[in-house]
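The values are calculated or read from the model by the stated rules, or taken from the named source; none is laboratory data. Not measured: the values here are computed from a predicted model. All Cβ positions, glycine included, derive from the backbone under ideal geometry; neighbour counts span all protein chains shown. These accessible areas exclude ligands, DNA and RNA; they are computed on the full protein's heavy atoms, side chains included. Shrake-Rupley method; radii C 1.70, N 1.55, O 1.52, S 1.80 Å.
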Amino acid sequence: MLRLPPGLEIRGEKAAPDVLPRPRGRGLFAKRRFEPGEEIAVFSEPMVVLPAEPNAKDTCSYCLDPYSESLKLCAACRAAAYCTPACQRKHWGTIHKFECKLLKADSASSATRSANGATSQPLPAALRALKQLILQCLNSADVRAAIEPLEGNVSAFRAKPELWKEFESQAAMVCKAASWSGDENAAKAVELLCRIHTSAISRRSKGDDFATGIFLDTTLSMANHSCLPNAIVVFTGRSAFLRAQHPIAAGEEITISYTECTEPLSARKQKLDKYNFECDCRRCRENLDNYQATQISPVLSLNTGVHPGPMPSPALPRYISSIGPSIDMLRNPPIVRQGPDAVTPQQAEDIYIASRELIIPQDVDDDVLLQNVRDLWHLCAPLIKAKRWADEPLPELITVATTYCNRIENYPHQLALACFGIQHIDPYMFPAPFSVWRNMGLMNVAKTISLALSVVLFGDDSELAREARGEGGPFADPRRIVHPRVLDVVSSLTDNLLHLALMAMVGNNGPLGHSEDWLVIKYAQFQMDKYASLPGSGVALDLIRTWFENPYQVQEAEEFFDENIMEPLNQLSALVPEILEKMVTEDI
Ligand SMILES: C[S@@+](CC[C@H](N)C(=O)[O-])C[C@H]1O[C@@H](n2cnc3c(N)ncnc32)[C@H](O)[C@@H]1O
């Protein structure tokens with residue numbers, strides 16, 4: 001029997017096991033209206049919650065805090081890590097008492113393998129989840145009963161012989177490790193693996209790099225997919241927060257996206273194939289691109305800064321987010337739609353597919369990163385001409401170029417790229433101003449301002465300033481020469497106003513309820529408090545406060561906004577195409 005949070009109900013029937021193609025089955029429905037940004041439900045007792053393998057040993061195995069600095073490994077298995085003895089005790093009580101012995105055996109056999117020269121691959125999150133589920137099933141009738149109703153699409157997986165064979169061999173490996181022997185158990189393990197692949201969702205957590213892990217909750221797993229979802233799932237620690245992304249009426253189905261819904265149609269289709277259904281949402285049916293999806297978004301008007309409609313609670317924040325394009329530009333994106341420079345949907349798909357060959361890890365040499373920027377730039381020439389910066393792989397190009405600028409320590413150019421992202425990419429990909437990505441983007445700009453200021457803080461004659469102007473002498477790095485207009489703008493940021501305003505916006509843009517648990521908001525508040533404790537911070541903070549209290553009513557507040565926020569952002573963003581072109585064409 002599922003425990004349902006208030007405000008939610010499950011409708012529909014579980015699809016019969018052998019029906020192909022698979023019917024939609026059950027779904028989650030709203031029992032009352034939810035406002036955009038509002039919390040629908042919190043899921044804090046998942047059946048399985050795991051960090052992604054690359055981060056498993058630097059994340060607390062219980063609270064999953066990716067930032068704890070003093071992690072201690074479990075003395076027995078040396079595979080689980082904890083930030084406090086309390087976390088260790090709680091983890092022992094939930095799952096570790098079952099898995100410790102197995103993890104110890106794993107560590108021992110991988111140590112033997114590496115002593116023999118073999119590379120030891122970490123167990124993928126889905127297989128660790130399977131191990132945990134098997135152990136829980138062995139020990140609890142409640143878990144066995146709770147797992148039974150979950151959709152596994154077993155017949156659809158069986159119809160894919162290669163994948164099915166892989167599942168069988170993976171399940172056999174886990175059964176052996178868990179001493180779950182016999183053909184019947186092997187078959188049950190494959191079914192459990194199908195349920196994990198169908199009903200668990202990727203868990204994103206790690207502040208800036210958003211590594212994925214696994215989260216399996218029997219109620220949340222009833223949510224169906226849409227590429228124009230009306231809700232999103234945000235993870236913090238062991239909990240998942242389901243939030244309304246659009247207004248949701250009582251009786252409406254609540255949908256989330258199982259994949260990056262801003263990727264082109266073919267990529268979404270390929271990723272959703274793992275779930276064994278064809279999406280028939282409006283984005284798929286009409287093959288809407290990111291700009292068209294933004295134009296029809298019911299939350300576009302939140303970008304005006306004033307919350308529309310009746311306020312269900314006085315605590316409802318006003319989203320002050322017009323640092324992106326104006327609402328008119330969101331409704332009528334300044335991209336080329338007609339004439340020889342227009343890009344057809346097929347062309348956009350082809351460019352995206354070709355770009356998958358160019359994916360490289362970010363820890364490669366600087367030269368390889370630069371070559372990647374150049375390759376992506378040439379591939380994306382038609383998208384650039386049509387100014388379609390929110391279409392993948394252009395956002396990826398901006399990310400790689402940003403990493404490159406950070407690596408070669410050209411922080412002012414890194415700042416310009418970050419500004420470009422929050423103005424020309426994020427609002428078109430994520431129209432809701434409370435989206436995690438929108439706020440990560442604001443935070444990114446704020447953090448990079450501090451880095452960029454290093455070239456102006458020590459005066460015009462400092463080594464860094466001379467290097468930035470290209471007057472650094474024979475040992476200076478020519479890659480750190482900064483566009484003169486970027487240098488001018490950076491010099492105007494020493495009053496900290498832009499940095500503070502962005503932090504204040506992030507603090508204010510958080511979704512309703514539990515926003516204090518959001519890492520991005522916690523960080524913004526921490527920064528604001530730190531600044532407030534500095535001597536002489538009062539004037540800047542007063543200005544920000546006045547602007548926040550009267551964002552659109554008072555002329556001084558508007559002037560403050562235009563001068564201190566929009567002007568530097570616009571100036572830096574406008575220089576990005578030139579910076580990129582130079583990066584791509586100049587021989588360094
Ligand atoms: C996490 S479950 C969602 C709940 C599921 N409908 C049930 O009855 O248990 C995922 C599965 O639901 C089905 N599903 C989810 N979204 C769908 C959609 N938009 N159209 C058709 N089927 C969908 C697919 O079978 C998918 O593998």
Worksheet item: From the cross-link list Lys447/Lys522; Lys101/Lys274; Lys188/Lys271; Lys104/Lys176; Lys90/Lys530, which pairs have alpha carbons spaced over 23 Å apart?
Response: Lys101/Lys274; Lys188/Lys271; Lys90/Lys530
Worksheet entry | Inter-probe distance in nm under a simple model that places probes 7 Å from Cα toward Cβ, at Asp18 and Lys57 | 4.8 nm
Item to complete: Take the alpha carbon atoms of region 130-176, find their center, do the same for region 456-482, and report the distance between the two centers in whole angstrom.
Response: 60 Å
Worksheet entry | Evaluated over the chain, the Cα radius of gyration and Dmax, each in Å | 25.5, 77
Discussion item. Could you work out what % of the accessible surface of the chain is carbon and sulfur, using a 1.4 angstrom probe and leaving DNA, RNA and ligands out of the count?
Written reply: 53 percent
Fill in: Residue order for Arg480, Arg11 - accessible surface, 1.4 angstrom probe, largest first
Arg11, Arg480
Response to the item:
Percent of all Cα-Cα pairs per 5 Å bin for region 1-82, counting from 0 up to the last occupied bin, reads 3, 11, 14, 12, 12, 12, 13, 12, 9, 3, 0
Worksheet item: Put a dot 7 Å past each Cα toward the Cβ at Asp367 and Met173; how far apart are the dots in nm?
Response: 3.7 nm
Discussion item. Please list, ordered by chain and number, the residues whose modelled amide H lies under 5 Å from the amide H of Glu38; skip anything fewer than 5 residues away on the same chain.
Written reply: Ala244, Leu512
Worksheet item: Taking only DSSP H segments of four or more residues, each worth -39500 (n - 2.57), what value at 222 nm results for the chain once the sum is divided by all its residues, to the nearest 500 deg cm²/dmol?
Response: -13500 deg cm²/dmol
Worksheet item: Quick one: length gained pulling Phe526 to Ile327 fully straight, 0.36 nm per residue minus the C-alpha distance?
Response: 68.6 nm
Worksheet item: How do Leu534, Leu569 rank by accessible surface area computed with a 1.4 Å probe, from largest to smallest?
Response: Leu534, Leu569
Worksheet item: Any idea of the accessible area per residue across the chain, 1.4 Å probe, to the nearest Å²?
Response: 47 Å²
Fill in: Values of log10 I(q)/I(0), in the order q = 0.09, 0.14 Å⁻¹, for region 327-585 under a Debye, Cα-only, solvent-free model
-0.45, -1.06
Worksheet item: Summing +1 for each Lys or Arg and -1 for each Asp or Glu, what net charge is found among the other residues whose Cβ lies under 14 Å from the Cβ of Asp461?
Response: -2
Worksheet, complete the sentence: Projected onto the charge dipole of the chain (unit charges on the beta-carbon of Lys, Arg, Asp and Glu, signs +1, +1, -1, -1), the Cα from Gly536, Val489, Pro433 with the largest positive-side position is that of Pro433
